[in-house]
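Q: Got a structure for you, questions after.
The values are calculated or read from the model by the stated rules, or taken from the named source; none is laboratory data. Nothing here was measured: the structure is a model prediction, and the numbers come from that model. Please note: Cβ atoms are built from the backbone with ideal geometry, for glycine as well, and neighbour counts cover all protein chains shown.
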Amino acid sequence: MSPVKTSFDSASLAAAKQPEVQSSRRLLIAASGTGGHLFPALAVAEQLPAYQIEWLGVPNRLETRLVPAQYPLHTVEVEGFQQRPGFGSLVILSRLAGAIVQVRRLLQQGKFGGVLTTGGYIAAPAIIAGRSLGLPTVLHESNALPGKVTRWLSPWCSVVALGFAESAQYLRKAEAVHVGTPVRSDFSQLRGLEMAIPDQACLIVVVGGSQGAVAINQLVRQCATAWLDQGTWIVHLTGEQDESVHEFQHPHYLPMPFYDNMAGLLQRADLAISRAGAGTLSELAVTGTPAILIPYPYAAEDHQTFNATAFATVGAAKIFPETDLTPEILEVEVLTLLRSPQTRQEMARQAKQLTIPNSAERLAQLVRQLIEDKQ
């Protein structure tokens, strides 16, 4: 495996900022499922204004709501291998084969110059189809423990861009470049909040990821009174699947399914209680938000624990397995951090050390270079 690259020379980065003159270049982006896959891809797409971008996704997933207003969306039926071998696996393989044929036809008919994917099972047909046509293929892996598709198919990619440098140890025969994980452009500027939260009040933000987290919601509601009694405010992003969302009420407790201005919210937060998806962690790092991380215990191969450990190891966050976390433990841990601004300040400093500036720009540069070199 080639060594992990971590830097770009300033001249090439500056050149990458210049507008492209050949607007006929076309790029297929394959990103599907959760915000952790979609938001980094959207951030990179913003850095490629001269490219004609089209999107590859799966029906009835988050991309069908986020993408069509910006880019043409193509969907294929494909799913991941999370079950034991059997008849179900044959069905999955059959769908994968069909998806590869569809994507290959799309790439040929659209005369695409390359493929960018952010992992997950949608990456498999994109990588295989792109490789079969000799197209430059860039795979971005945001998790500390790369997923199955990344580990299996990374040798078929032109380059694998990594969110965590330590991910390279799991990849064989693949060129790896550490670029960090791109975040939305909103995070590059100071954003305000549309909420009447006093400037001097401590703010806890609870984030369950793009799909919410009912288990975390239940824990937080059991602890909230003790935190609110300290004068703290809580913004609780509950997701849309929590039937108990209205059980707890308080003037300083603000539950909502989601919130568009995540940049402003995390910039204002004094502490986050969160899952440990790679996209969310990247946003916490950019904003320097101290965090208590509760990894999703059923994530594929427990990859959220690997992500959270990378933050906890350097002191940017505290990590608690969901199975071991009780309301009593969570209540005390949060109160301890609220009463120690020095600890939170150091956690914030360590979180920012985990960021790579201009990550979206760096990944976009890789895409440009590979497509231009091929042409």
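Q: Among the residues of region 257-304 satisfying the criterion of being touching a helix residue (DSSP H, G or I) at 6+ places or on another chain (Cβ under 6 Å) and among the polar types (S, T, N, Q), which is farthest from TYR121 (Cα to Cα)?
A: Of everything passing the filter in region 257-304, GLN267 is farthest from TYR121 (Cα to Cα).
Q: Starting from region 110-138, keep only residues that are assigned by TED's automatic domain parsing to the domain that holds VAL367 and farther than 19 Å from GLY33 by Cβ, then list their pairs with residues that are of a type in the set (Phe, Trp, Tyr) and outside any loop (DSSP other than H, G, I, E, B) whose Cβ atoms are within a distance under 7 Å, requiring at least 6 positions of separation or different chains.
A: Qualifying pairs under 7 Å: ARG131/TRP156.
Q: List the residue pairs whose Cβ atoms are under 6 Å apart, where the first residue sits in region 318-335 and is closer than 24 Å to HIS303 by Cβ, the second is loosely packed, with under 13 Cβ neighbours inside 10 Å, and the two are 6 or more positions apart or on different chains.
A: Between residues of region 318-335 that are closer than 24 Å to HIS303 by Cβ and residues that are loosely packed, with under 13 Cβ neighbours inside 10 Å, the close pairs are GLU322/PRO297.
Q: Which one of the conditions (1) in a helix (DSSP H, G or I); (2) surrounded by fewer than 24 Cβ atoms within 10 Å (Cβ to Cβ); (3) in contact (Cβ under 8 Å) with a residue 60 or more places away in the chain; (4) not polar (S, T, N, Q) does LEU284 fail to meet, given that it meets all the rest?
A: It is condition (2) that LEU284 fails.
Q: While we're on this one: Tell me whether region 193-201 contains one or more residues that are in a loop (DSSP other than H, G, I, E, B), without any contact (Cβ under 8 Å) to a residue 12 or more places away in the chain, surrounded by fewer than 19 Cβ atoms within 10 Å (Cβ to Cβ) and hydrophobic (A, V, I, L, M, F, W, C).
A: yes
Q: Looking at region 301-317, which of the residues that are crowded, with 16+ Cβ neighbours inside 10 Å and among the hydroxyl-bearing types (Ser, Thr, Tyr) is nearest to the chain's Cα centre (by Cα)? Before the answer, list the steps.
A: Taking region 301-317 as the starting set, the residues that turn out to be crowded, with 16+ Cβ neighbours inside 10 Å are 303-312, 316-317.
Within this subset, residues satisfying the condition of being among the hydroxyl-bearing types (Ser, Thr, Tyr) are 305, 309.
Numbers: THR305: 15, THR309: 16 Å.
Checked region 301-317; the qualifying residue nearest to the chain's Cα centre (by Cα) is THR305.
Q: Another question, if that's okay. Quick one: is PHE258 touching a residue at least 12 places away in the same chain (Cβ under 8 Å) and closer than 30 Å to GLU141 by Cα?
A: Values: touching a residue at least 12 places away in the same chain (Cβ under 8 Å): yes; closer than 30 Å to GLU141 by Cα: yes.
Judged against the criteria, PHE258 is a match.
Q: Being over 30 Å from LEU281 (Cβ atoms), of a type outside the set (Asp, Glu), crowded, with 18+ Cβ neighbours inside 10 Å and modelled with pLDDT of 95 or more is true for just one of ILE29, ILE53, ILE100. Which residue is that? Break it down stepwise before answering.
A: Values: ILE29 fails: over 30 Å from LEU281 (Cβ atoms); ILE53 fails: over 30 Å from LEU281 (Cβ atoms).
Exactly one of ILE29, ILE53, ILE100 is over 30 Å from LEU281 (Cβ atoms), of a type outside the set (Asp, Glu), crowded, with 18+ Cβ neighbours inside 10 Å and modelled with pLDDT of 95 or more, namely ILE100.
Q: Check ASP260 against each of (1) surrounded by fewer than 18 Cβ atoms within 10 Å (Cβ to Cβ); (2) closer than 25 Å to GLN342 by Cβ; (3) among the charged types (D, E, K, R) and name the one condition it does not meet.
A: The single condition ASP260 does not satisfy is (2).
Q: Restricting attention to region 36-43, does a residue exist that is surrounded by fewer than 24 Cβ atoms within 10 Å (Cβ to Cβ) and either at pLDDT below 95 or not assigned by TED's automatic domain parsing to the domain that holds GLY110 (or both)?
A: The answer is no; no qualifying residue exists.
Q: Give the residue, chosen from LEU190, LEU219, that is out of contact with any strand residue (DSSP E or B) (no Cβ under 8 Å at 6 or more places or on another chain) and modelled with pLDDT of 95 or more.
A: That would be LEU219, the only listed residue that is out of contact with any strand residue (DSSP E or B) (no Cβ under 8 Å at 6 or more places or on another chain) and modelled with pLDDT of 95 or more.
Q: Among (1) modelled with pLDDT of 95 or more; (2) buried (at least 21 other Cβ atoms within 10 Å of the Cβ), where does PHE320 come up short?
A: For PHE320, the failing item is (2).
Q: Here's another thing I want to ask about it. If I go through region 323-332 residue by residue, how many of them are surrounded by 12 or more Cβ atoms within 10 Å (Cβ to Cβ) and farther than 18 Å from GLY231 by Cβ?
A: Of the residues in region 323-332, the ones surrounded by 12 or more Cβ atoms within 10 Å (Cβ to Cβ) are 325-327, 329-332.
Cutting the leftovers down to farther than 18 Å from GLY231 by Cβ gives us 325-327, 329-330.
Residues flagged as surrounded by 12 or more Cβ atoms within 10 Å (Cβ to Cβ) and farther than 18 Å from GLY231 by Cβ within region 323-332 amount to 5.
Q: From the set of residues in region 338-364 that are part of a helix (DSSP H, G or I) and among the charged types (D, E, K, R), which is surrounded by the most Cβ atoms within 10 Å (Cβ to Cβ)? Working first, answer last.
A: First, the residues of region 338-364 that are part of a helix (DSSP H, G or I): 338, 341-353, 359-364.
Now drop any that are not among the charged types (D, E, K, R), which leaves 344, 346, 349, 352, 361-362.
Values: ARG344: 19, GLU346: 14, ARG349: 13, LYS352: 15, GLU361: 18, ARG362: 22.
Once the filter is applied, the top-ranked residue is ARG362.
Q: For region 21-66: of the residues being assigned to a loop (DSSP other than H, G, I, E, B) and of a type in the set (Val, Ile, Thr), which is nearest to the chain's Cα centre (by Cα)? Give the steps one after another, and end with the answer.
A: Taking region 21-66 first, the residues assigned to a loop (DSSP other than H, G, I, E, B) are 21-25, 31-34, 47-51, 58-62.
Now restrict to residues that are of a type in the set (Val, Ile, Thr): 21, 34, 58.
Working: VAL21: 31, THR34: 8, VAL58: 17 Å.
Among those residues, the one meeting the criterion is THR34.
Q: Then there's this: Looking only at residues in region 265-281 that are among the small types (Gly, Ala, Ser) and modelled with pLDDT of 95 or more, which one is farthest from LEU338 (Cα to Cα)? Spell out how you get there, then give the answer.
A: Pass one, region 265-281, residues among the small types (Gly, Ala, Ser): 269, 272, 274, 276-279.
Checking the rest, the ones that are also modelled with pLDDT of 95 or more come to 269, 272, 274, 276.
On the way: ALA269: 11, ALA272: 11, SER274: 16, ALA276: 21 Å.
The extreme case among them is ALA276.
Q: Answer yes or no as to whether VAL367 is part of a helix (DSSP H, G or I), under 27 Å from ALA45 (Cα atoms), of a type in the set (Val, Ile, Thr) and touching a Leu at 6+ places or on another chain (Cβ under 8 Å). Working first, answer last.
A: Working: part of a helix (DSSP H, G or I): yes; under 27 Å from ALA45 (Cα atoms): yes; of a type in the set (Val, Ile, Thr): yes; touching a Leu at 6+ places or on another chain (Cβ under 8 Å): yes.
Here the answer is yes, as VAL367 does meet what is asked.
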